[in-house]
Amino acid sequence: MAHLTRWKRRLQADLLIHPDIDEALSPTVIEDLCRRAGHAWRTSFWSPAMTLTTFLLQVLDGAKTLRAAVALLLTHLAARGDVRLPSCDPAAYCQARRRLPLRAAVGMLEHVTGRARGLVEGPATWLGRRVYVVDGSSVSMPDTPELQKAFPQPSGQKPGCGFPVARFVAVFCWTTGMILHVAIDALGRHEMGLFRSLWGVFQAGDVVLGDRAYSAYVDMARLLQRQVFCIFRLHQRRKADFRTGRRLGRGDHRVLWKRPRSWMASMGISRQEFAELPETLTVRLVRITEVPRGFRSRTVIVVTTLTDPRETPADEIRALYRDRWTAELNLRSLKEDLGMGVLRGQSPDVVHKEIVMHLLAYNLIRLLMWHAAARHGRDLRRLSFAGTLHRLRALLPLLVQRPDCRTLRRLGDFLLASIAADRVPDRPGRFEPRRRKRRPKEYSLLIRPRRWYQLHGDRGGR
C-alpha cells in the first residue's frame with residue numbers, strides 16, 4: 001500500500017492553492033479527528049482523508065452526484081500516470097462516506113471556522129465589538145421513510161406528496177461572512193429553540209444582530225445576563241410609543257420593559273429560571289425612517305440593549321441593522337450558489353454530514369475571499385461569492401496537470417487576484433420586483449402518492 005500514501009500526498013499537494021485549504025485537507029488532521037471520534041479503519045483506497053476530500057469535491061462540483069465526485073478523483077489520479085486505479089463504481093465511496101464519523105466532519109468545520117475569530121480584531125470590529133448575525137432557513141431532501149421519520153414533511157401536505165424538510169439556524173460572522181455555528185432539527189422545532197442552543201458561541205461584549213423573531217423579553221434579558229448585547233427588530237406585537245421613556249435623540253428613546261406576568265412553556269425556560277429574570281429591562285428603541293424603495297415597511301423600529309447613546313450612537317445602530325440583510329444574502333449563497341437547498345443523502349446521518357460539508361466548503365470560499373480582500377485592499381462585502389465559487393471550480397481541473405511549486409504558487413496568486421477584481425457593483429436604492437418572467441412547465445401536480453399513479457395510470461391529477 002505504499003503507492004496509496006504516495007498519491008495521497010500528491011493529491012493533497014495539487015490542491016494546495018492556499019494554506020487554509022492545505023490545513024483543511026490535511027490527512028493528518030482528518031485522521032486525528034477520526035481517531036478522537038473512536039473511528040477505526042483498515043488500510044484501503046478510501047481512507048478517511050480521501051473520503052472527506054472527495055466529499056468536499058462533490059460539494060463543490062455542480063453535479064453533486066457520487067458518480068461525478070469519483071470521476072473527478074480518478075481523473076486526478078489518471079492524469080498523474082497512476083495505473084492501479086479503483087473501480088469507477090461509486091458504491092465503495094458511498095459506503096466509505098457512510099462510515100465516516102459525523103464528529104470528524106464537524107471537527108473539520110470547527111477547525112476552519114476557528115480561524116475566523118482570529119481574523120476579527122481591531123478595525124474589523126464594530127465600535128470595538130464583535131458582531132454576529134443570526135438567521136434561520138430550511139433545506140429539503142429525498143422522500144425516504146427514514147428521512148420522513150427524522151425530518152417530517154410540512155403538516156399541510158398529503159402523505160407521499162411532500163419532501164422531508166430540516167430547519168436550521170446559523171450564526172454568521174458580520175465581518176467575514178463565515179458561519180461559526182449551526183443548529184439543525186426537524187421543521188416542527190421552533191427557530192428560537194435552535195437559537196438558544198447556540199448561545200455558547202457568544203462571549204461577553206459581543207453583539208447579536210437579528211430580525212423580529214428574536215426580540216423576546218426573555219431572550220434579550222438572558223443574553224444581557226451573559227453580557228451579550230442584542231440589536232433586533234421590534235416584534236410586531238409590541239407597540240413602540242416614543243412619547244414615553246427618555247428621549248436620547250431624534251427617533252431614539254430609552255424605555256423600560258416589564259417582565260411578562262406569567263410563565264409559559266413556549267418561553268423555553270423553567271419556572272425557576274423565569275422567576276430569576278429581572279422584573280424590568282431597560283432597552284433602547286431606534287426608529288429607521290429612510291427605508292429603501294421596495295421594502296414592505298415604511299418605518300422600522302429597532303430594539304437594543306445597548307443603551308448608552310455616547311458609546312453607540314443611533315446612526316451607527318441604524319447602519320448596522322441594515323447589514324442584517326447580509327444574512328439573507330449569505331443563505332442565498334449557501335442554498336442557491338453552493339446548492340445546499342436540496343440535499344441528496346438517503347439517511348439522517350448522511351444528511352447531517354452533507355450539511356456540514358456544505359458549510360465547510362462555504363467557509364473555505366469565504367476565507368479565500370477574506371485573504372483576497374486583505375492582500376489587494378478591497379472591500380470584502382463588494383466581492384462576489386458566486387464568482388469565487390466559479391473560479392475555484394475552474395481552477396480544479398488545471399491542477400491535474402501536476403504543476404510544480406512555482407506554477408502552483410502562480411495559480412494561487414492568480415486566484416486571489418481574480419477574486420479581488422470581481423467586485424459586485426454598488427447599486428444603492430436598487431429595486432427589483434420579486435416576480436419571474438420565464439414561465440414554468442405546465443405539468444400536473446402530484447396530489448396523490450406516486451404509487452397510486454403507477455397502479456391506476458396518470459388519471460385524477462391536476
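The values are calculated or read from the model by the stated rules, or taken from the named source; none is laboratory data. Keep in mind it's a predicted model, so treat the numbers as computed, not measured. Glycine gets a Cβ as well: all are built from the backbone with ideal geometry, and neighbour counts include every protein chain shown.
For GLN236, the test of being in the same structural domain as VAL283 (by TED's automatic domain parsing), touching a residue at least 24 places away in the same chain (Cβ under 8 Å) and exposed (fewer than 14 other Cβ atoms within 10 Å of the Cβ) is passed. Applying the condition of being touching a residue at least 40 places away in the same chain (Cβ under 8 Å) and touching a Phe, Trp or Tyr at 6+ places or on another chain (Cβ under 7 Å) to the range 212-222 and asking which residue is farthest from LEU256 (Cα to Cα) yields TYR214.
Within the range 315-342, restricting attention to residues that are touching a Leu at 6+ places or on another chain (Cβ under 9 Å) and outside any helix (DSSP H, G or I), the residue that is surrounded by the most Cβ atoms within 10 Å (Cβ to Cβ) is MET340.
Does the range 231-258 hold any residues that are touching a strand residue (DSSP E or B) at 6+ places or on another chain (Cβ under 7 Å) and in a loop (DSSP other than H, G, I, E, B), and which are they? Quick ask: steps written out before the conclusion?
Quick first cut of the range 231-258, residues touching a strand residue (DSSP E or B) at 6+ places or on another chain (Cβ under 7 Å) only: 231-234, 240, 242, 244-248, 251-258.
Across the range 231-258, the qualifying residues are LEU234, ALA240, PHE242, THR244, GLY245, GLY251.
Take VAL356 and decide whether it is modelled with pLDDT of 90 or more and either more than 24 Å from ALA96 (Cα to Cα) or in contact with a strand residue (DSSP E or B) (Cβ under 8 Å, 6 or more places away or on another chain) (or both). Spell out the reasoning first.
Working: modelled with pLDDT of 90 or more: yes; either more than 24 Å from ALA96 (Cα to Cα) or in contact with a strand residue (DSSP E or B) (Cβ under 8 Å, 6 or more places away or on another chain) (or both): no.
When the stated conditions are applied, VAL356 does not pass them.
Only one entry in ASP323, ASP308 is among the charged types (D, E, K, R), in contact (Cβ under 8 Å) with a residue 12 or more places away in the chain and either in the same structural domain as LEU416 (by TED's automatic domain parsing) or more than 17 Å from ALA420 (Cβ to Cβ) (or both), namely ASP323. Scanning the range 343-365 for any residue that is farther than 21 Å from PHE55 by Cα and in contact (Cβ under 8 Å) with a residue 40 or more places away in the chain turns up nothing. Those helices (runs of 4 or more DSSP H) of the range 113-230 in which 1 or more residues are aromatic (Phe, Trp, Tyr) occupy 191-196, 217-225.
Evaluating ARG410 against the criteria (1) touching a residue at least 40 places away in the same chain (Cβ under 8 Å); (2) loosely packed, with under 15 Cβ neighbours inside 10 Å; (3) not small (Gly, Ala, Ser) leaves one unmet condition, (1).
Considering ALA68, ALA92, ALA79, the condition of being free of Cβ contacts under 8 Å to residues at least 12 places away in the same chain, of a type outside the set (Asp, Glu) and either surrounded by fewer than 20 Cβ atoms within 10 Å (Cβ to Cβ) or not in a helix (DSSP H, G or I) (or both) is satisfied by ALA68 alone. Quick check: is even one residue across the range 263-275 charged (D, E, K, R), farther than 28 Å from PHE168 by Cβ, in the same structural domain as ARG243 (by TED's automatic domain parsing) and more than 29 Å from the chain's Cα centre (by Cα)? There is at least one residue in the range 263-275 that is charged (D, E, K, R), farther than 28 Å from PHE168 by Cβ, in the same structural domain as ARG243 (by TED's automatic domain parsing) and more than 29 Å from the chain's Cα centre (by Cα). Mind checking which pairs have a first residue in the range 252-263 that is charged (D, E, K, R) and a second that is outside any strand (DSSP E or B), Cβ under 6 Å, 6 or more apart or different chains? Once the first residue is charged (D, E, K, R) and sits in the range 252-263, its partners that are outside any strand (DSSP E or B) give ASP252/ALA314; ARG254/GLY245; ARG254/THR307; ARG259/LEU277; ARG259/GLU279.
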